[in-house]
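Notes to accompany the following structure.
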Amino acid sequence: MKRILILCLSLILPLCGCGNNSTQSDVNYESVSMSEGIERMANDEGHIMLDVRRVDEFEAGHIPGAVNLPNEEIGNEEIAILPDKEQTIYIYCRSGNRSKQAANKLTALGYKSIVEFGGFMDYTGEIEY
């Protein structure tokens, strides 16, 4: 009986998953560091830089050239300031959490070229008000 049980377990256990099977390949956007994002934007014409912090956070200081679209305002509807779903969109927030959420929402809406580059807290360049 014990041998049968061991045999059954040895056949069944490999089929069972353990923990979270989510991998980086499940993510439909690219995630890079703040410095890499800034460097890439300098060599990437035609992109848009999206700050997904709240309006008050954006007005208190943001990366020059960024446009503001709070993460909480991204839903299931078309976004007027992002009409081209093929355009590369670089996204940041304060710490990197909301930018990842926004990147997921935008890919779900059909945007094809999303680069999430973290949080404003890691930005060391010029600030626009």
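The values are calculated or read from the model by the stated rules, or taken from the named source; none is laboratory data. Treat the numbers as computed from the prediction; the structure is a model and nothing was measured. Counting neighbours? That spans all protein chains shown, and the Cβs are built from the backbone with ideal geometry, glycine included. Keep in mind that these areas ignore ligands, DNA and RNA; they rest on the heavy atoms of the full protein, side chains included. Shrake-Rupley method; radii C 1.70, N 1.55, O 1.52, S 1.80 Å.
Here are some notes:
- Residue list for the range 39-54, filter: aliphatic (A, V, I, L, M) and either open to solvent by 70 Å² or more (accessible area, probe 1.4 Å) or in a loop (DSSP other than H, G, I, E, B) (or both): Ala42, Val52
The rows are residues; the columns are (1) in contact with a Cys (Cβ under 7 Å, 6 or more places away or on another chain); (2) within 16 Å of Glu30 (Cβ to Cβ); (3) touching a residue at least 40 places away in the same chain (Cβ under 8 Å).
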| site | (1), (2), (3) |
| --- | --- |
| Arg53 | yes, no, yes |
| Pro70 | no, no, no |
| Ile74 | no, no, no |
| Glu86 | no, yes, no |
| Tyr90 | no, yes, yes |
| Gly96 | no, yes, no |
| Lys100 | no, yes, yes |
| Lys105 | no, yes, no |
| Gly125 | no, no, yes |
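- Candidate set: the range 96-122, residues that are part of a helix (DSSP H, G or I) and within 17 Å of His47 (Cα to Cα); chosen: the one most open to solvent (accessible area, probe 1.4 Å): Thr107
- When Ala80, Ala42, Ala102, Ala66 are checked against the criterion of being at pLDDT 95 or above, under 13 Å from the mean Cα position of the chain (by Cα) and of a type in the set (Gly, Ala, Ser), Ala102 stands alone in meeting it.
- With respect to the stated conditions, Glu72 fails to be out of contact with any strand residue (DSSP E or B) (no Cβ under 7 Å at 6 or more places or on another chain), outside any helix (DSSP H, G or I), at pLDDT 95 or above and open to solvent by 60 Å² or more (accessible area, probe 1.4 Å).
- With respect to (1) out of contact with any helix residue (DSSP H, G or I) (no Cβ under 7 Å at 6 or more places or on another chain); (2) assigned to a helix (DSSP H, G or I); (3) among the hydrophobic types (A, V, I, L, M, F, W, C); (4) surrounded by 17 or more Cβ atoms within 10 Å (Cβ to Cβ), the lone exception for Leu82 is condition (2).
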